[in-house]
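J.: My structure is below; once you've seen it, I'll send some questions.
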Amino acid sequence: IQQEATNIIKKASNLDELDDLRVKYLGKKGEVTQILRSMGELPPEKRPVIGKLANQVKSKLQQLISKRKEELKNQAKEEQLKEESIDVTLPGVKIKSANKHPLTLVFNEIKEIFLGLGFKIAEGPDVETDYYNFEALNFPANHPARDMQDTFYVGEDELLRTHTSSVQVRTMEQTTPPIRIIAPGRVYRSDEIDATHTPVFHQVEGLMIGKDISFANLKEILIEAVHELFGTDRKVRFRPSYFPFTEPSAEVDVSCANCGGQGCSVCSDTGWLEILGSGMVHPNVLEMSGIDSKEFTGFAFGMGVERIAMLKYDIDDIRLLYENDVRFLEQFK
Ligand code: PHE
């Protein structure tokens, strides 16, 4: 038995096979076990000899089996290691990461710039009352901007704000000067959709009120902001304009980039593009919100975020910002 067993145990090629062999020889009904069990049937004088022999065979086989078991285990481990080994020189798998929307990028940049200039962030509701959107901003009762053409009314007195200037009023009512806030947000106008208009777009309002705040401060802050946004090589132009809530008022243009003959798709023939409206807060507006216009002055501005994004990234159609085409969005890393 020992010889036969020794040979096949050594040849066992896997752990299952080996276990079958253990059962065959040493299991409850195994060949060696059977011999040991049948000792009682032997004549007494033969028992010690056979018993000793059988026990020797048993322990010899146990040793052989556990030795073979070790070998097979090591072999398996080595194979596994070989399989799992990593070639660190192989190129990695590229993970596609999401990136920020161009509007978010511009919002973040504008916020950073004004936070750096000491401004805080203010908020107001998208659904506004006529008072905050128009009346408190010195719009005459019959002003064309109140027309159903431009404004989405959601009730007799409620509307979707047509600009973030409503947040100026809310801020002035709630705080005493000095005031230095920006109000980023969504605004709504019932415009026909085309390459430069969407009924929902974004503005960042700015408001600075204090003692002796002048138009020079307005220019200084806005030139600084435009230079940070577009680079110091871009020129800034202030053009006289009109808003009911500021006097004097100015629209601000930025000079087009020099595209090196590649043609900037987003530029007018004049070489300038308008990016914001601004002006000194009208005394009526200050007074209506409870600020003494003899003691305090200030300026306000409202910038179009889509406009700025289009200029910065040379996007020639505003609709691209809302279509969620990954081929477009992937370009803004
Ligand atoms: N609210 C104006 C607009 O939407 C922009 C503006 C804001 C102008 C603040 C002057 C001061 O066109």
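J.: Given Asn99, Asn55, which one is assigned to a helix (DSSP H, G or I) and either modelled with pLDDT of 85 or more or in contact with a Gly (Cβ under 7 Å, 6 or more places away or on another chain) (or both)?
T.: Every option except Asn55 fails the conditions.
J.: Determine whether the stretch 161-182 contains at least one residue that is outside any helix (DSSP H, G or I), over 21 Å from Val204 (Cβ atoms) and more than 33 Å from the chain's Cα centre (by Cα).
T.: Yes; the residues of the stretch 161-182 include at least one that is outside any helix (DSSP H, G or I), over 21 Å from Val204 (Cβ atoms) and more than 33 Å from the chain's Cα centre (by Cα).
J.: Next question. Kindly list the number of the only condition in (1) outside any helix (DSSP H, G or I); (2) more than 14 Å from the ligand (Cβ to nearest atom); (3) within 24 Å of Glu287 (Cα to Cα); (4) out of contact with any Phe, Trp or Tyr (no Cβ under 9 Å at 6 or more places or on another chain) that fails for Glu192.
T.: Checking Glu192 against (1) outside any helix (DSSP H, G or I); (2) more than 14 Å from the ligand (Cβ to nearest atom); (3) within 24 Å of Glu287 (Cα to Cα); (4) out of contact with any Phe, Trp or Tyr (no Cβ under 9 Å at 6 or more places or on another chain), the one that fails is (3).
J.: Right, next: Being charged (D, E, K, R) and part of a strand (DSSP E or B), is that true of even one residue in the stretch 304-323?
T.: No, every residue in the stretch 304-323 fails to be charged (D, E, K, R) and part of a strand (DSSP E or B).
J.: Restricting attention to the stretch 291-319, and to residues there that are among the β-branched types (Val, Ile, Thr) and out of contact with any Pro (no Cβ under 9 Å at 6 or more places or on another chain), which single residue is farthest from the ligand (Cβ to nearest atom)?
T.: Filtering the stretch 291-319 for residues that are among the β-branched types (Val, Ile, Thr) and out of contact with any Pro (no Cβ under 9 Å at 6 or more places or on another chain), the one farthest from the ligand (Cβ to nearest atom) comes out as Ile318.
J.: Residues to consider are Arg189, Arg146, Arg170; find the one that is touching a Ser or Thr at 6+ places or on another chain (Cβ under 6 Å), of a type in the set (Lys, Arg) and free of Cβ contacts under 8 Å to residues at least 60 places away in the same chain.
T.: Arg189
J.: Something else now. For Leu61, all conditions in the list (1) surrounded by 13 or more Cβ atoms within 10 Å (Cβ to Cβ); (2) modelled with pLDDT of 90 or more hold save one; what is the number of the exception?
T.: (2)
J.: Return the only residue of Arg146, Arg189 being at pLDDT below 90, of a type outside the set (Ser, Thr, Tyr) and crowded, with 16+ Cβ neighbours inside 10 Å.
T.: Only one candidate qualifies: Arg146.
J.: Could you run through the stretch 64-100 and say how many residues are among the polar types (S, T, N, Q), free of Cβ contacts under 8 Å to residues at least 12 places away in the same chain and surrounded by 10 or more Cβ atoms within 10 Å (Cβ to Cβ)?
T.: The number of residues fulfilling the criteria is 4.
J.: Sticking with this structure for a sec: Residues to consider are Thr171, Thr151; find the one that is within 13 Å of the ligand (Cβ to nearest atom) and closer than 26 Å to Arg319 by Cβ.
T.: Thr151
The values are calculated or read from the model by the stated rules, or taken from the named source; none is laboratory data. Every value quoted in this text rests on a predicted model; they were computed, and no experiment measured them. Neighbour counts are summed over all protein chains in view; Cβ atoms, including those assigned to glycine, are modelled from backbone coordinates with ideal geometry.
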